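Read-outs throughout are calculated quantities, based only on the coordinates presented, and are distinct from any laboratory measurement. Treat the numbers as computed from the prediction; the structure is a model and nothing was measured. Note that each Cβ is placed from the backbone with ideal geometry, even for glycine, and that neighbours are counted across all protein chains shown.
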Amino acid sequence: MMTETGQKLIKASEMDPKFKYEISKMHGGEKLMRCYQCGTCTSDCPVARFSETYRPRQIIRMTQLGLKNRVLDSDTLWLCAACFTCTDRCPQDVEVASVIRVLRNLAAEQGHIPQVFKDQASSILESGYAYRIPELRMKKRESLGLPPLPKGNTDSVCKTLRGVSFLKHIAKRGE
Amino acid sequence: MAERKYLMFLGCAIPYRVSAFEISARKILGRLNVELVEMPEFNCCGLPLDPVSHEMMLILAARNLAMAEQKNLNIITLCPGCAGTLKKVNRILKEDKALRDQINQHLKEAGLEFKGTVDAKHLIQVLTEDVGLEKIKDTVVKPLTMLKVAEHNGCHILRPKEYIGFDDPEDPKTLKTLIEATGATCLDYMDETECCGAPSVGVSDKVALQLARDKLNHIKDVKAEAMVTICPFCHIMYDTNELRIEKTFNEAYGIPILHYPQLLGLAMGMKPEELAFNELRVDVSKILTKVCEGEK
């Protein structure tokens, strides 16, 4: 249902009162409840200046209220550039960018993962590097007088990552 | 004999598409008697995956730190993202024993252990804290007094302050001082510490390009002849994308984007060819001519 100004109404049944505790228990989300909505984060956010939808203060408030699905299903969550200006300037030391990272991690756990992260994760599993570096580029290093690129030890990397639940979303090339 | 020795952590972006930064950095570090040992094997620092899996980021970063500990060498990186991540994880795992034990369970699978015995530093931190400004000034044989440039630090060399603990994020001085050591003038401009927008590429190109455009406008306003960066991502954002920004917003900048070691290298008397100036996208001929004319 919409209000006269076109905003979506919040229904009490939508709110999950336990959500804030869930976030507060996670590494980086501990100080969520300190936020008193001063808006320093949004006013100093470089992305918010040019985006019509991304507002860190709003994301923090929605999280406090327990609007779990609205927060986690929203594309705006992925707009944060992780510049950490909000974290540095927050008078309540909320670590806003970290709370947003915790929310993104939860969204990813539920399968909301922008393609770029899937590509980088599979590239790391296959080569150690976040980008697939073309063979030609490796050869060019020699002519530029650069030492050979260290190889990724993919067996060892995969062993250390055993049990990381995020990896269930990542298919290796050819799988 | 080299006075200082570090493990070189290249990261992913530099070998992928920013070789001019690596070429010029190796040249100036060589001149300053800094020895670089290559990583025995490589995996990403973990930063790109932090948004989707903090756990995976912690393991990947800790794995690199554990390898450096085995070599008993501090890490030097050219990428502020890698430096920031390795520093942050180093600090978190040193302080939080429960988390350290949990991450070490993962590392054990590959015969590694994080102990917290080495440091990770970015190039400009090594230059100012370890090599020292005086020594850098001693190597300058051709002061670039004819150049007026603007600096761009980027975010992860400065923020979050609590974990990085380097310079003042609201009024950073290190890069300025390093630029002035080459003899060039470093101009102040509006919103100097603002993000370049690179992390938003792919998520919202519109936001990313507008952020980059803002900065180029501010730099143009003070009539800087070049921008000097110390981050591969910021460099891609301004150098590789400058033409795209000009086309999108119908602007004309033509501002060359230099890697700091290229600037220092020129001041050390190295030739532009040695410093991979030919790899830059935006035309640098104007400032190179100016530097060469200064020789006469």
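Among A:GLY145, A:THR5, A:GLN37, whose Cα projects farthest towards the positive end of the dipole of chain A, with charges put on the beta-carbon of Lys, Arg (+1) and Asp, Glu (-1)? After comparing all options, I get A:GLY145. Against chain A, whose longest principal axis is taken from its Cα atoms, helix A:115-127 shows a tilt of about 30°. The helix-based estimate of mean residue ellipticity at 222 nm for the protein assembly as shown, built from -39,500 (n - 2.57) per DSSP H run of four or more residues and divided by its residue count, is -12500 deg cm²/dmol to the nearest 500.
Normalised by residue number, the volume inside the convex hull of the Cα atoms of the stretch B:133-293 is 112 Å³ per residue. Extents of chain A, largest first, come to 64, 33, 31 Å (Cα atoms, principal axes, whole angstrom). Hydrodynamic estimate: the Kirkwood radius of the protein assembly as shown over Cα pairs, inserted into Stokes-Einstein at 10 °C and 1.306 mPa s, corresponds to D of 68 µm²/s. As a proxy for reagent exposure, A:TYR54, A:TYR21, B:TYR16 were ordered by neighbouring Cβ count within 10 angstrom, fewest first; the result is A:TYR21, B:TYR16, A:TYR54.
With coordinates expressed along the principal axes, the C-alpha atoms belonging to the stretch B:182-239 extend over 39, 22, 17 Å, beginning with the largest. The smallest convex shape that holds all Cα atoms of the stretch A:115-169, its convex hull, gives 78 Å³ per residue. Straightening the chain between B:HIS218 and B:LEU133 buys 27.8 nm, computed as 0.36 nm per residue apart minus the Cα-Cα spacing. Quotient of the Cα radius of gyration of chain B and 2.2 N^0.38 Å, N being its number of residues: 1.01. Along the charge dipole of chain A, Cβ charges K/R +1 and D/E -1, which of A:PRO114, A:GLY66, A:PRO56 sits furthest on the positive end? Projecting each Cα onto the dipole axis, the largest value belongs to A:PRO114. Sorted fewest first by neighbouring Cβ atoms within 10 angstrom, B:LEU133, B:LEU263 come out as B:LEU133, B:LEU263. Neighbouring Cβ atoms from other chains, within 10 Å of the Cβ of residues in B:191-201, number 4 on average. Mean sequence separation of contacting Cα pairs (under 8 Å, at least six apart), scaled by the length of chain A, corresponds to a relative contact order of 19 percent.
The angle between the Cα long axis of helix B:97-108 and the longest principal axis of the Cα atoms of chain B comes to about 90 degrees, rounded to the nearest 10. Note on chain A: with a GNM built from Cα contacts shorter than 10 Å, the maximum mean-square fluctuation among A:ASP16, A:ASP155, A:ASP73 falls on A:ASP155.
Between B:LYS290 and A:ARG70, the modelled labels are 5.3 nm apart [label points 7 Å from Cα along Cα→Cβ]. Dividing the radius of gyration of the alpha carbons in the stretch B:1-111 by their Kirkwood radius gives 0.99 for Rg/Rh. Panel note: the C-alpha atoms of the stretch A:1-99, placed on their principal axes, show extents of 37, 32, 22 Å (largest first). Largest GNM mean-square fluctuation across A:LEU149, A:LEU65, A:LEU161, computed for chain A with C-alpha springs under 10 Å, falls on A:LEU149. Tell me the angle of helix B:54-71 to the major Cα principal axis of chain B, expressed in degrees between 0 and 90 and rounded to the nearest ten. Once rounded, the angle reads 90 degrees. Give, as ranges by residue number, the residues of the stretch B:175-190 whose backbone N falls under 20 Å from the point 7 Å along Cα→Cβ of B:LYS148. Within reach of a label on B:LYS148: B:176-190.
With pairing defined as another cysteine C-beta under 4.7 Å, the cysteines of the protein assembly as shown that fail it are A:CYS35, A:CYS38, A:CYS45, A:CYS80, A:CYS90, A:CYS158, B:CYS12, B:CYS44, B:CYS186, B:CYS292.
Listed by Cβ neighbour count within 10 Å, with the fewest neighbours leading, B:ILE219, A:ILE113 appear as A:ILE113, B:ILE219.
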